[in-house]
Amino acid sequence: MDLTLKVWRQENRKAKGRFETYAIKNISPDSSFLEMLDVLNEQLIREGQEPVVFDHDCREGICGTCGLFINGRAHGPDEDITTCQLHMRKFKDGDTIVVEPWRAGGFPVIKDLMVDRTAFDKILQAGGFISINTGSAPDGNASLVAKEKADEAMDAAACIGCGACVATCKNSSAMLFVASKVSQLAVLPQGKTEAVRRAKAMVAKMDELGFGNCTNTGACEVECPKNVSLAHIARLNREFLAANLKP
Amino acid sequence: MNLNAKIPSGPLAEKWSTYKSTQNLVNPANKRKFDIIVVGTGLAGASAAASLGELGFKVKNFCYQDSPRRAHSIAAQGGINAAKNYQNDGDSVYRLFYDTIKGGDYRAREANVYRLAEVSNKIIDQCVGQGVPFARDYAGTLHNRSFGGALVSRTFYARGQTGQQLLLGAYGALNRQIAAGNVKMYHRTEMLELVIVDGIARGIITRNLETGALEPHFGHAVVLATGGYGNTYFLSTMAMGSNGSAAWKAYKKGALFANPAFVQIHPTCIPVHGEFQSKLTLMSESLRNDGRIWVPKELDDAKNIREGKLKPTDLPEDKRDYYLERRYPAFGNLVPRDVASRAAKERCDARYGVGTGQAVYLDFKEAIGRLGKKVIEERYGNLFQMYEKIVDENPYETPMMIYPAIHYTMGGLWVDYELQTTIPGLFAIGEANFSDHGANRLGASALMQGLADGYFVLPFTIQNYLATQLGVARMDPANHPEFSKAIEEVQGRINKLMSIKGKRSVDSLHKDLGHVMWNHVGMGRTKEGLEEGIRMIREVREAFWKEVRIPGKADGFNVELEKACRLADFLDLGELMAKDALHREESCGGHFREEYQTEEGEALRDDVNFKYVAAWEYQGDQKEAKLYKEPLDYEFIEIKTRNYKE
């Protein structure tokens, strides 16, 4: 396949960015999108130019490092995938492809297509855990968890922290990200003790870091590579309501 | 050098409790006087940093990724072993210990492995306590499945994302300590040098990947939790950034490197598609619980399938060779990884392979018929989806194609029972050390070892060392000659790389190294092949130092520079792997020397001459590494030839 790429280039956090156009030839439809970018970079290095910087690591859809806005869609034109799982067979020979970084106030661009998502770490540091010290846990079967509850917790816990939900939301809201953690821990008996405090602290931190409000458009759920459901936001709202009723 | 593993005396089952009750501890008021550096935030690193923080130590934790949650432990799919015996199927600490020693082909230390099995149960409790959503039965109790190399079901799992969920649990504990101020986190920061002061590990030099700044950090102890070196092969199931540099820097500063040739080649990965391939994707071993592995019985059928003239679904049962079930009736499709990988290679070498010729089938038709599609979907849904996205075929309808790929490195820094390397004050945990898996690791044991080391072993054993360091004041690394010297060395290496200005990209040279490693230091090794491999590795190294091109500047984000620094180390490491493989004139576990096999093609171990850990000492760039042998004395178990047939 021969393609035209319009790629966002930006030297550093402070620099003004711009789109650069590149022509690329002979791409196998079985290549992944990131392998196509590898080929582009190989070409740029040969020509003595700086390669395009993009975040990626596991390249199997689980670490959550990669995230590109491709032709106006977070993680590109396929369902339930991360950018590294997108394959070139989803494009046609001769296509022009626009590649941008996540665009959200909470995720400043570091260089080219790479953004800073440390805000997510900070939200979790505010309370996205169960406060149990190593060695103090009771036997794993000491408290029973209904299979449905365990499954529900797993559905929520599947979040990989990629930030597609924020990037795709017109308000740049991090509600789906926050809700997935609040929900995972709130449905499990071991997480209930701190549920109220947790929800309150995480939402406060999210607001402080400049993420927008949720207006229930549901765009986040559509682009979430792990299918984390909007229902978790509803649970978060319930937990948050409870948090605000209790002093 | 005298390799003292410091194994406590006494009966096997009492060694760890004896050690714990007699070791030196650091009192709570003194703990906050100690700085501990932990490099890496995978299962071992994150669990160690969090646990040390909880105890009151001052921890600095480093990762090259943008967040500690990205470490490659996250990609582990299938599960984590523990000797809970919740299934009442006869499991015990001893059995888990025995299976692990046997699975490792009798090349691991008894005492370490027993301790691993012993603490396994506490890991499950800890993870449940953190909110890890393990699979449950309808009664609400924890569910288990079986894995290769075991006759019991002892594997706990969270769908196909067990590593992710365990890592997020450890990351939660780490976040809690970061918020509490006990752990300071440095992300997008890579360790480029180890600093030794008067023979003791006292810190590291890091590069801030965003600004390019080189920074010195002091620690009373340094813990490396930096994973394995599988990316020496370029193509592997590792993350793109996974590298062996931290361990290699330690080796060059005097830490011994043990069993570098012991590499695990995982039997169930998605086959290579073409020359632009950047990495290989694993399909969890858990699939072998229900999937059946086969190739056509007839060469003609294999050829027709490869040429697209015949569909695998059209080939009748009596024309299929379920070769694992045929060769190993007792364990069938659940033989250990090394055995399954070699058997696949054997069939493909004999031209029975499908796809590109380098692939075999993993077929779920029988399981779907027996259990229904819904059950299979529940068990493996995410893996099937992952496969379909990559290969563009639906594994519910046509068998998956799989082939072995580099997956894990059993070798690593030599450590004693306390997980301390041969450099005082330098510890290595998780995949970065060599200690528990011998010549082959069993499935679902990497997660167990990472968390055992980080939660339940290192936080105790490091205190026995720190107790000797009371009164050692914190050093000011910005004004210390050894730290300054180390920064200059790192700067010199970076300048050298930047100044080459050749014509070739780092990746193109890394691929050259990968080809040599896979062809000569891969699944089937020979004396001639290894010698040729060493010669070729040297050629690639020479080309690298002459021809590599790193565009851009060193004082800012420079991915090519990061990769070049790592590749420089892989090139040296690859040669040591080949040398170790050449010296070990036997076949054991993942190390298969074609000259040493039985008539049936099974690994032929030589316990008379090679029942030892091979630990290599750096002697200088132009000199041969020196070999030390730590004999493996099996006091409590009888050594046998591994048999998965009966």
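The values are calculated or read from the model by the stated rules, or taken from the named source; none is laboratory data. Note that the coordinates shown come from a computational prediction; the quantities given were computed from them, not determined experimentally. Cβ: placed from backbone, ideal geometry, glycine included. Neighbour counts: every protein chain shown.
Taking first residues from the stretch B:370-399 that are more than 9 Å from chain A (Cβ to nearest Cβ) and partners that are surrounded by fewer than 20 Cβ atoms within 10 Å (Cβ to Cβ) and not in a helix (DSSP H, G or I), the Cβ contacts under 7 Å between residues at least 6 apart in sequence or on separate chains come to B:K373/B:Y396; B:F384/B:Y396; B:E388/B:N394.
If you go through the stretch B:415-436 one residue at a time, do you hit one that is under 17 Å from B:G148 (Cβ atoms) and at pLDDT 95 or above?
yes
The set of residues in the stretch A:110-126 being of a type in the set (G, A, S) and facing another protein chain (nearest Cβ under 8 Å) consists of A:A126 alone. The single condition among (1) within 30 Å of B:Q277 (Cα to Cα); (2) surrounded by 15 or more Cβ atoms within 10 Å (Cβ to Cβ) that B:G502 does not meet is (2).
Condition first: assigned to a strand (DSSP E or B), under 19 Å from A:V52 (Cβ atoms) and either more than 14 Å from chain B (Cβ to nearest Cβ) or in contact with a helix residue (DSSP H, G or I) (Cβ under 7 Å, 6 or more places away or on another chain) (or both). Now tell me which residues in the stretch A:88-109 satisfy that. So that I can check it myself, show each step before the final result.
Our first condition is that a residue be assigned to a strand (DSSP E or B); within the stretch A:88-109, this holds for A:96-100, A:104, A:107, A:109.
After this cut, where a residue has to be under 19 Å from A:V52 (Cβ atoms) as well, the list is A:96-100, A:107, A:109.
Passing the criteria: A:T96, A:I97, A:V98, A:V99, A:E100, A:F107.
Which residues, taken from the stretch B:359-399, are among the charged types (D, E, K, R) and in a loop (DSSP other than H, G, I, E, B)? Steps first, answer last, please.
Within the stretch B:359-399, the first condition is being among the charged types (D, E, K, R), and the residues that meet it are B:363, B:365-366, B:370, B:373-374, B:377-379, B:388-389, B:392-393, B:397.
Selection gives B:D392, B:E393, B:E397.
Just the residues that are charged (D, E, K, R) and farther than 30 Å from B:N231 by Cβ, please, taken from the stretch B:281-305. Hits for the stretch B:281-305 are B:D290, B:R292, B:K297, B:E298, B:D300, B:D301, B:K303.
Only helices (runs of 4 or more DSSP H) whose full extent lies in the stretch B:434-513 are considered here, and the ones with at least 2 residues that are more than 23 Å from B:G104 (Cα to Cα), touching a residue at least 24 places away in the same chain (Cβ under 8 Å) and within 14 Å of chain A (Cβ to nearest Cβ) are B:458-466, B:481-500.
Considering only the stretch A:136-163, state which residues are outside any helix (DSSP H, G or I) and more than 7 Å from chain B (Cβ to nearest Cβ).
Of all residues in the stretch A:136-163, those outside any helix (DSSP H, G or I) come to A:136-146, A:158-163.
The answer is A:S136, A:A142, A:S143, A:C159, A:I160, A:C162, A:G163.
Scanning the stretch A:209-247 for residues that are hydroxyl-bearing (S, T, Y) and without any contact (Cβ under 8 Å) to a residue 60 or more places away in the chain, which turns out farthest from A:A199 (Cα to Cα)? Steps first, answer last, please.
In the first step, residues of the stretch A:209-247 are kept if they are hydroxyl-bearing (S, T, Y); the result is A:215, A:217, A:229.
Those left that are additionally without any contact (Cβ under 8 Å) to a residue 60 or more places away in the chain: A:215, A:217.
Details: A:T215: 18, A:T217: 22 Å.
So the residue we want is A:T217.
Report, by residue number, each residue of the stretch B:570-604 that is among the hydrophobic types (A, V, I, L, M, F, W, C) and under 28 Å from B:V540 (Cα atoms). Even if it seems obvious, please write down each step before you answer.
Our first condition is that a residue be among the hydrophobic types (A, V, I, L, M, F, W, C); within the stretch B:570-604, this holds for B:570-571, B:573, B:576-578, B:581-582, B:588, B:592, B:603-604.
Hits for the stretch B:570-604 are B:F570, B:L571, B:L573, B:L576, B:M577, B:A578, B:A581, B:L582, B:F592.
Filtering B:L287, B:L299, B:L282 for residues that are under 21 Å from B:L43 (Cβ atoms), assigned by TED's automatic domain parsing to the domain that holds B:L334 and either surrounded by fewer than 24 Cβ atoms within 10 Å (Cβ to Cβ) or not aromatic (F, W, Y) (or both) leaves a single hit, B:L282. Scanning the stretch B:537-562 for residues that are part of a helix (DSSP H, G or I) and crowded, with 19+ Cβ neighbours inside 10 Å returns B:I537, B:V540, B:R541, B:F544, B:V559, B:E560, B:L561, B:E562. Select from the stretch B:206-222 the residues that are under 19 Å from B:A473 (Cα atoms) and either within 27 Å of the chain's Cα centre (by Cα) or free of Cβ contacts under 8 Å to residues at least 40 places away in the same chain (or both) and list them in ascending order. Listed by number, the residues that qualify are B:H217, B:G219, B:H220, B:A221, B:V222.
Within the stretch A:164-188, track down each residue that is within 7 Å of another protein chain (Cβ to nearest Cβ) and either in contact with a Ser or Thr (Cβ under 8 Å, 6 or more places away or on another chain) or under 30 Å from A:T83 (Cα atoms) (or both). Show your work before the answer.
Of all residues in the stretch A:164-188, those within 7 Å of another protein chain (Cβ to nearest Cβ) come to A:184-185, A:188.
Within the stretch A:164-188, A:Q184, A:L185 qualify.
The helices (runs of 4 or more DSSP H) found entirely in the stretch B:1-115 that carry 2 or more residues being away from chain A (no Cβ under 14 Å) are B:15-22, B:28-31, B:93-103. For the stretch B:151-181, how many residues meet the condition of being part of a loop (DSSP other than H, G, I, E, B), under 21 Å from A:N133 (Cα atoms) and more than 10 Å from chain A (Cβ to nearest Cβ)? The number of residues fulfilling the criteria is 1. Scoring B:P424 on the criteria (1) within 22 Å of the chain's Cα centre (by Cα); (2) in a loop (DSSP other than H, G, I, E, B) leaves a single failure, condition (1).
Assigned by TED's automatic domain parsing to the domain that holds A:A158, hydrophobic (A, V, I, L, M, F, W, C) and assigned to a loop (DSSP other than H, G, I, E, B): which single residue out of A:I62, A:I123, A:I132, A:I81 fits that description?
Working: A:I62 fails: assigned by TED's automatic domain parsing to the domain that holds A:A158; A:I123 fails: assigned to a loop (DSSP other than H, G, I, E, B); A:I81 fails: assigned by TED's automatic domain parsing to the domain that holds A:A158.
Just a single option satisfies the conditions, and that option is A:I132.
Of the residues that sit in the stretch B:112-128 and are over 20 Å from the mean Cα position of the chain (by Cα) and surrounded by fewer than 24 Cβ atoms within 10 Å (Cβ to Cβ), which one is farthest from A:A142 (Cα to Cα)?
Step one: of the stretch B:112-128, the residues over 20 Å from the mean Cα position of the chain (by Cα) are B:118, B:121-122, B:124-128.
Filter once more, so that each one left must be surrounded by fewer than 24 Cβ atoms within 10 Å (Cβ to Cβ): B:118, B:121-122, B:125.
Working: B:E118: 19, B:N121: 13, B:K122: 13, B:D125: 9 Å.
Across the stretch B:112-128, the extreme among qualifying residues is B:E118.
A count restricted to the stretch B:618-632 and to residues that are in a strand (DSSP E or B) and of a type in the set (D, E, K, R) stands at 3.
Taking (1) touching a helix residue (DSSP H, G or I) at 6+ places or on another chain (Cβ under 9 Å); (2) farther than 25 Å from B:A75 by Cα in turn, A:F19 satisfies each apart from (1). When the residues of the stretch A:1-50 are filtered to those that are part of a strand (DSSP E or B) and under 23 Å from B:R549 (Cβ atoms), the one that is farthest from the other protein chains (Cβ to nearest Cβ) is A:A23. For first residues located in the stretch B:282-302 and closer than 14 Å to B:D318 by Cβ, partners that are small (G, A, S) and modelled with pLDDT of 90 or more and lie 6+ apart or on another chain with Cβ distances below 6 Å form the pairs B:P296/B:A302.
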